[in-house]
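Each remark here refers to the structure printed beneath this line.
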Amino acid sequence: MNDSGSSRSATAHAYAERSGRHFSNIVEFICWPNTELRQILKARKRTIAIQDWQTPLRMAAAGPDQFQYRVVFGSPEAVSADIRSRLKNNG
């Protein structure tokens, strides 16, 4: 990991500890920056479901004819290439 990545992680952990956040195990400590980001993005909205990138790829690979999507940010070609790659590796 580069210095800026480890620095960001250390900053997030220091902030969590200053805020009174206690970690019950090492896994919770390691995953905290990702968990905190998801909490901030979701902002207690029950209607928002944040998924990792692999979830829609698995859904598209499982049923490419039934899975519909629209690329809002980024490259539609890159998304199509990821889906084709997943289909090729699974089939």
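Observations on the structure shown:
- Residues of region 69-79 that turn out to be in a helix (DSSP H, G or I) and under 16 Å from residue 54 (Cβ atoms), as a count: 2
- Annotation note: Cβ proximity below 6 Å between a residue of region 54-71 that is in contact (Cβ under 8 Å) with a residue 12 or more places away in the chain and a residue that is assigned to a helix (DSSP H, G or I) (sequence gap 6+ or interchain) occurs for 57/82; 57/86; 60/83; 61/86; 61/87; 61/90.
- Residue 9 vs. criteria among the small types (Gly, Ala, Ser) and either modelled with pLDDT under 80 or surrounded by 10 or more Cβ atoms within 10 Å (Cβ to Cβ) (or both): yes
- Residues of region 54-77 that turn out to be under 24 Å from residue 34 (Cα atoms), surrounded by fewer than 10 Cβ atoms within 10 Å (Cβ to Cβ) and either modelled with pLDDT under 80 or among the aliphatic types (A, V, I, L, M) (or both), as a count: 1
- Residue match in region 30-41 (condition: modelled with pLDDT of 80 or more, of a type in the set (Asp, Glu) and either not assigned by TED's automatic domain parsing to the domain that holds residue 17 or not in a loop (DSSP other than H, G, I, E, B) (or both)): yes
- Of everything listed in (1) of a type outside the set (D, E, K, R); (2) at pLDDT 85 or above; (3) assigned to a helix (DSSP H, G or I); (4) loosely packed, with under 10 Cβ neighbours inside 10 Å, the single unmet condition for residue 89 is (2).
- Just so you know, in region 32-53 the residues that are under 26 Å from residue 20 (Cβ atoms) and among the polar types (S, T, N, Q) include one that is surrounded by the most Cβ atoms within 10 Å (Cβ to Cβ), and it is 35.
The values are calculated or read from the model by the stated rules, or taken from the named source; none is laboratory data. It should be emphasised that the depicted structure is a prediction, and the values quoted were computed from it without experimental measurement. When we count neighbours, we look across all protein chains shown, and the Cβ atoms used for this are built from the backbone with ideal geometry, even at glycine.
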